[in-house]
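Down below is the structure, laid out as C-alpha cells.
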Amino acid sequence: MPDLGTYAFEILMSYGISFGLLGALVGASVLQSKRVKVALQRVENNG
Amino acid sequence: MKALLLRDLRLAIRAGGGFGLGLAFFLIVVVLVPFGVGPDADLLSIIAPGILWVAALLAALLSLDRIFALDFEDGSLGLLATSPLPLESVSVIKAFAHWITTGLPLCFAAPVLGFLLHLSSDAYTLLILSLLIGTPALSMIGTFGAALTVGLRRGGLLLSLLVLPLYVPTLIMGADAVRRGADGMAATTPLMLLGVITLGSIAVLPFATAAALRVNLR
Amino acid sequence: MSLWEYANPKKFMDWTAPVLPWVAGSAALCLSVGLIWGFFFTPDDFRQGSTVKIIYLHVPAALMAINAWLMMLVASLIWLVRRHHVSALAAKAAAPVGITMTLIALATGALWGSPIWGTYWEWDPRLTSFLILFLFYLGYMALWSAIEDPDTAADLTSILCLVGSIFAILSRYAAQFWSQGLHQGASLSLDKEENVSDVFWQPLLITMIGFGLLFLTLVLLRTRTEIRMRRIKALHARARRA
C-alpha cells in the first residue's frame, strides 16, 4: 500500500465510487443478460 | 401559410388556449424570487438578468406541449401532413405562432418586472433586445421537443427534460448580454452569438421537427 | 460480402458470442494492469502529491463519456440512413454505459478538485459541459423508455441524438465563453512540451485502452440482451396472432 498522505480520503473515495459505479453497471448488465437469455430459451422451447 | 398562422393564433387567444398563462407564470416566478433571496436591493440587481431570463425560459416551456397536442388528437395534424404545405413549413409556422403568443408578450413584460428587481437602468434596452433575439430560438427548440413527444400520453414532464438542456446556450448568451449591459460593458458579442443560435435553430430544427412529426404520424 | 452483413441480428449474435469473452478478458487485463501500476507503482507528483492517482480513473472515464455519445451519434446515423436494427439497439445499449462514465468523471473530478482547486464544484466550462452531457444522457434514456413502439423509439431517439449533439457542442463553447476555466489546457496532445510526464502517461494509456475495451464489452453484451429482448417480443406477438 503506497503512502497516500493527507489526500488518502479523496483518492480512496474516488476509487471506491468508480469501482462501485462500474461494478453496479457490469453487474446489472450481466444479470439482465442472463435473465433475458433464460427467458428467450423458455419462449423458444414453448413455441 | 397565413391561414394556418391566423388559425393557430386564434386558437391560442381563445379561452383555454393558454395565452396569458405563460405571462402570468413569468410574473409569479419573478415575484417569488425576492421572497426566496431576501429584499436586499443590491443583491437583487445583481441577479436580476439571470432571474428574468430563467423565468422567461420557464414561461416559454409552459405552453410547449400545446403546440402539437391538440392538432394531433383531433387529427388535423394528419391533414396538415397530407396538405401541399410541407411539414417543415408547418413547424416553422407553429413555432412562430408560439413565439407571438408567449415570446413577444414576455419581451414587453420583462422591463416592468426588471423594475421590480432593481435591474440596473443601463440594461433595459439590452434586456428587451436580447429577449427579442433569443426567444424565437426558445420557441423553435421547444417546437422540436413538442414534436418528439407528441405521441406520448404524458409527455409534458419528458418534454421539459428534453428541452431544458437544449436551452442552455440560449440562456447563457441571453443572460450574459443583459449582465454586460448592467455592468456597463459592450454586449455586441453575446447578442451576435445569440442571433447565431436563433438563426441556426430556425435553419436546422424545422427539418428535425418535421422528421419527428412524420415518425409520430406513421 | 459487405461489412453491413455483420449488422444482421443473427450474424451479429453469431460473431459476437466468441468475440465477447476475449474483449472482456483483455478489458479486465488492461484495467487491472493499468490501475495497479498507477495506484501502487507511480511516484507522487511534485505539486499535486498523491492526488495524481485519480487521473487513472478521471481521464479515461471522461474520454469514454464523450466517445460513448459519439458512438451513439454514429449508430443513430446508421439507423436513420440504413435502418439496421442492431445499430439502433447498440445506441440504446451504450447510453447507460455513457451516463455511468459521465458520473464517474464528475465524481472523481469533484474529489480531485477539492484538494487541488480548494472546491468540490466550480462552474468551470468543462465541468459544466459534463453536467450538461449528463442531462442529455438522461433525456435520451427517458425518451427511449417512454415510447412503446421500438421503431418509433429508435427514430425519435436518433433524431434527438443528432440535434442533441449539435446543442452539446454549442453548450460547450457557450460555457467557455461564459466562464474562465480552472482546467489546464491540453495535457495529452502529442506535440506539447507541458504534457504529463511519461511515468504517469504509460499507465494512463493502459487504463484508457482498458476503459475503451470495457465500454466495448458492455455495449456488445447489452446489445445482445436487447436483441434477445426484441426476439422474445416478436415471438410473443407471433404466438398471440396464431
Residue pairs qualifying under the 9 Å Cβ cut-off, at least six apart or on distinct chains, with the first in region B:109-136 being without any contact (Cβ under 8 Å) to a residue 40 or more places away in the chain and of a type outside the set (F, W, Y) and the second being in a loop (DSSP other than H, G, I, E, B) and crowded, with 20+ Cβ neighbours inside 10 Å, are B:P111/B:L119
Quick one: which of B:I197, B:I202 is within 17 Å of the chain's Cα centre (by Cα), within 12 Å of chain C (Cβ to nearest Cβ), in a helix (DSSP H, G or I) and modelled with pLDDT of 85 or more? B:I197
Which ones in region C:125-163 are more than 7 Å from chain B (Cβ to nearest Cβ) and among the small types (G, A, S)? C:S129, C:S145, C:A153, C:A154, C:S158
Among the residues of region C:39-63, which ones are more than 19 Å from the chain's Cα centre (by Cα), within 10 Å of chain A (Cβ to nearest Cβ) and crowded, with 16+ Cβ neighbours inside 10 Å? C:F39, C:T42, C:D44, C:G49, C:S50, C:T51, C:V52, C:K53
Condition check: under 30 Å from C:I147 (Cβ atoms), in contact with a helix residue (DSSP H, G or I) (Cβ under 9 Å, 6 or more places away or on another chain), part of a helix (DSSP H, G or I) and basic (K, R). Does B:R214 satisfy that? yes
When restricted to A:L4, A:L21, the only residue over 18 Å from C:M13 (Cα atoms), facing chain C (nearest Cβ under 7 Å) and at pLDDT 85 or above is A:L21
Restricting the search to region B:183-194, which residues are touching a Leu at 6+ places or on another chain (Cβ under 7 Å) and either assigned to a helix (DSSP H, G or I) or more than 13 Å from chain C (Cβ to nearest Cβ) (or both)? B:L191
Mind listing whichever residues of region B:141-160 are away from every other protein chain (no Cβ under 11 Å) and surrounded by 24 or more Cβ atoms within 10 Å (Cβ to Cβ)? B:G142, B:T143, B:A146
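Residue-wise test of (1) free of Cβ contacts under 8 Å to residues at least 40 places away in the same chain; (2) within 21 Å of C:S171 (Cα to Cα); (3) not in a helix (DSSP H, G or I).
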residue: C:L80; (1), (2), (3): no, no, no
residue: C:V86; (1), (2), (3): no, no, no
residue: C:P96; (1), (2), (3): no, no, no
residue: C:I99; (1), (2), (3): no, yes, no
residue: C:L103; (1), (2), (3): yes, yes, no
residue: C:W112; (1), (2), (3): no, no, no
residue: C:Y120; (1), (2), (3): yes, no, yes
Yes or no: region B:92-104 includes at least one residue that is free of Cβ contacts under 8 Å to residues at least 24 places away in the same chain and either of a type outside the set (A, V, I, L, M, F, W, C) or more than 9 Å from chain C (Cβ to nearest Cβ) (or both). no
Exactly one of C:L70, C:L31 is crowded, with 20+ Cβ neighbours inside 10 Å, of a type in the set (A, V, I, L, M) and at pLDDT 90 or above, and that one is C:L31
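The values are calculated or read from the model by the stated rules, or taken from the named source; none is laboratory data. Model, not experiment: these values are computed from the prediction. Cβ atoms come from the backbone with ideal geometry, glycine included; neighbour counts cover every protein chain shown.
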